[in-house]
1. Do we find that residue 225 is in a helix (DSSP H, G or I) and closer than 19 Å to residue 453 by Cβ in this structure?
2. Being modelled with pLDDT under 90 and touching a helix residue (DSSP H, G or I) at 6+ places or on another chain (Cβ under 6 Å) is the filter here; which residues of segment 321-334 pass it?
3. How many residues does segment 24-49 contain that are buried (at least 23 other Cβ atoms within 10 Å of the Cβ) and outside any helix (DSSP H, G or I)?
4. Quick one: which of 253, 259 is at positive phi and at pLDDT below 85?
5. Of the residues that sit in segment 81-124 and are closer than 20 Å to residue 359 by Cα and at pLDDT below 85, which one is nearest to the chain's Cα centre (by Cα)?
6. Can you work out which of the residues in segment 299-336 that are farther than 24 Å from residue 170 by Cα and touching a residue at least 60 places away in the same chain (Cβ under 8 Å) is surrounded by the most Cβ atoms within 10 Å (Cβ to Cβ)?
7. Looking at 528, 486, 490 in this structure, which one is over 15 Å from residue 433 (Cβ atoms) and either surrounded by 14 or more Cβ atoms within 10 Å (Cβ to Cβ) or in the same structural domain as residue 430 (by TED's automatic domain parsing) (or both)?
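The values are calculated or read from the model by the stated rules, or taken from the named source; none is laboratory data. Please read these numbers as outputs of a predicted model, since none were measured by experiment. Positions of Cβ are backbone-derived with ideal geometry, glycine not excepted, and every protein chain shown enters the neighbour counts.
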């Protein structure tokens with residue numbers, strides 16, 4: 001048996017320990033874990049405890065010294081981030097936010113790049129380097145801004161939508177900039193313009209081949225894997241697609257991140273999108289943590305302390321320039337002053353892609369070392385300030401809104417696709433529910449774990465996706481936080497109960513209507529927290545009773561009234577059984593129905609009311 005050297009796994013162990021401490025602690029403090037990872041990298045890196053490793057050898061056990069290994073893992077963090085950006089980018093979302101994405105987003109990136117690049121060029125930075133650093137500093141932090149907005153439950157507010165739209169445009173702009181840096185950084189001895197044109201042609205051919213191959217192969221691949229019903233095999237297929245596409249793009253002269261982004265785009269319109277998101281999200285989070293640890297490792301506190309005034313002044317200037325661009329451009333898109341101020345302070349700091357763009361340009365010699373290092377320090381400092389700037393921006397936004405109450409033109413709301421019904425299971429029962437919702441023009445999304453059924457219904461135009469309704473992550477990616485209701489039509493009692501339990505744990509106030517096998521199963525579902533359970537045996541007997549009563553001559557009106565009365569009696573009896581067995585809390589959003597009594601010690605008014613207040617019906 002080969003000898004095991006614990007030191008070979010030191011970096012991995014330190015990172016796992018860091019993740020185990022940073023993520024829970026910063027979540028508890030309501031601070032983005034990104035800042036914790038950057039701080040941990042600075043502490044454990046060569047400029048932190050690593051400085052004392054030569055004096056005290058025992059300190060070496062608590063430092064991350066293998067920067068090459070960490071940088072390789074960090075690159076995969078960016079690759080997975082670009083894949084998730086691609087898979088979250090749907091034509092529906094682009095169409096809804098197209099004015100803000102291509103209007104405000106392009107103005108923010110273009111004007112910020114122009115101003116920052118001109119300032120750098122005036123400071124004798126070469127033109128190419130000035131433009132690249134300007135673009136890098138113009139980008140904002142998707143990895144910090146969106147979690148901050150989500151923590152404040154403001155993603156669906158005008159500020160949240162404006163910030164998301166700009167961040168989306170920035171993410172779209174990263175891929176071509178990375179490609180341009182890779183081409184300009186080649187020392188081929190030929191004319192740069194000609195080299196760029198040839199590389200663009202080669203890239204176009206490679207992208208066409210990747211897209212065609214992906215469209216032909218990806219859906220059949222996931223259909224084949226989904227039929228096995230193996231979670232491990234599905235996860236392996238997801239990782240294979242991401243890594244395989246990234247490596248194929250790299251072999252074609254493109255960046256690995258661009259390949260992963262294209263893979264995400266190809267899978268975004270498939271029925272497996274939700275399941276893939278839920279599968280890849282943990283990998284993305286961990287690998288992005290490695291990326292931010294590597295960012296912190298490059299932060300030299302001595303350099304920061306050598307000229308703190310200059311660095312803080314440059315950081316303030318960066319935030320003010322970018323924020324000023326957003327404030328000036330926002331009225332053109334019809335945004336109120338309050339929304340513009342809040343979004344400006346969220347988007348003013350630098351972002352994670354500055355490290356990718358500027359770091360890559362420094363490696364190829366396009367950006368001078370001292371200029372790039374200063375830009376990255378400024379980016380790090382401003383990213384650390386995002387939570388504080390978000391709080392300041394929120395207060396300024398409220399003040400501006402109060403001052404201009406009744407005089408501003410609000411941003412038009414997007415289509416109410418977030419206020420839709422989720423159908424768990426799309427067999428015969430689920431399809432009937434979907435058809436009735438469509439008849440009444442109520443939007444819905446369906447989940448089903450049968451790949452053949454999903455493929456068939458997708459061809460018929462139904463909004464059905466492959467996924468396990470009992471998986472909380474898949475429910476989250478399906479929009480349960482803003483869903484109007486959940487209808488569970490699954491055919492096995494265990495799967496029904498898993499879906500109900502997962503949904504109720506995520507949304508105590510969500511209306512849940514569920515199919516039940518019989519009266520006993522319905523009583524169990526009421527105990528789990530459903531608002532209405534429909535037992536198959538009872539409904540079958542009621543329909544038979546209705547048919548026979550009509551056939552023997554009883555007037556239809558009396559028959560319908562008696563059937564409804566009998567159904568209400570069954571429902572009351574089942575709920576009574578459930579109430580005697582175990583009273584539970586359910587914040588129901590129903591109209592014209594008596595609310596169940598709740599024991600005082602089981603109430604959580606602040607949390608429940610706040611969560612319910614954030615939903616729109």
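1. Working: in a helix (DSSP H, G or I): yes; closer than 19 Å to residue 453 by Cβ: yes.
Taking the combined requirement at face value, the residue satisfies it.
2. Restricting attention to segment 321-334, the residues satisfying the condition of being modelled with pLDDT under 90 are 330-334.
330, 333 - these are the residues of segment 321-334 that are modelled with pLDDT under 90 and touching a helix residue (DSSP H, G or I) at 6+ places or on another chain (Cβ under 6 Å).
3. So the answer is 2.
4. Values: 259 fails: at positive phi.
Just a single option satisfies the conditions, and that option is 253.
5. Residue satisfying both the conditions and the ranking: 81.
6. Our first condition is that a residue be farther than 24 Å from residue 170 by Cα; within segment 299-336, this holds for 299-313.
Add one more test, that the residue is touching a residue at least 60 places away in the same chain (Cβ under 8 Å), and what stays is 299-304, 311-312.
Numbers: 299: 21, 300: 17, 301: 12, 302: 8, 303: 14, 304: 16, 311: 18, 312: 14.
Step by step, filter segment 299-336, then rank; the result is 299.
7. Working: 486 fails: over 15 Å from residue 433 (Cβ atoms); 490 fails: over 15 Å from residue 433 (Cβ atoms).
Selected residue: 528, the only one of 528, 486, 490 that is over 15 Å from residue 433 (Cβ atoms) and either surrounded by 14 or more Cβ atoms within 10 Å (Cβ to Cβ) or in the same structural domain as residue 430 (by TED's automatic domain parsing) (or both).
Table: residues versus (1) touching a helix residue (DSSP H, G or I) at 6+ places or on another chain (Cβ under 8 Å); (2) under 16 Å from residue 72 (Cα atoms).
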| site | (1), (2) |
| --- | --- |
| 282 | no, no |
| 291 | yes, yes |
| 294 | yes, yes |
| 301 | yes, no |
| 304 | yes, no |
| 307 | no, no |
| 312 | yes, no |
| 316 | no, no |
| 319 | yes, no |
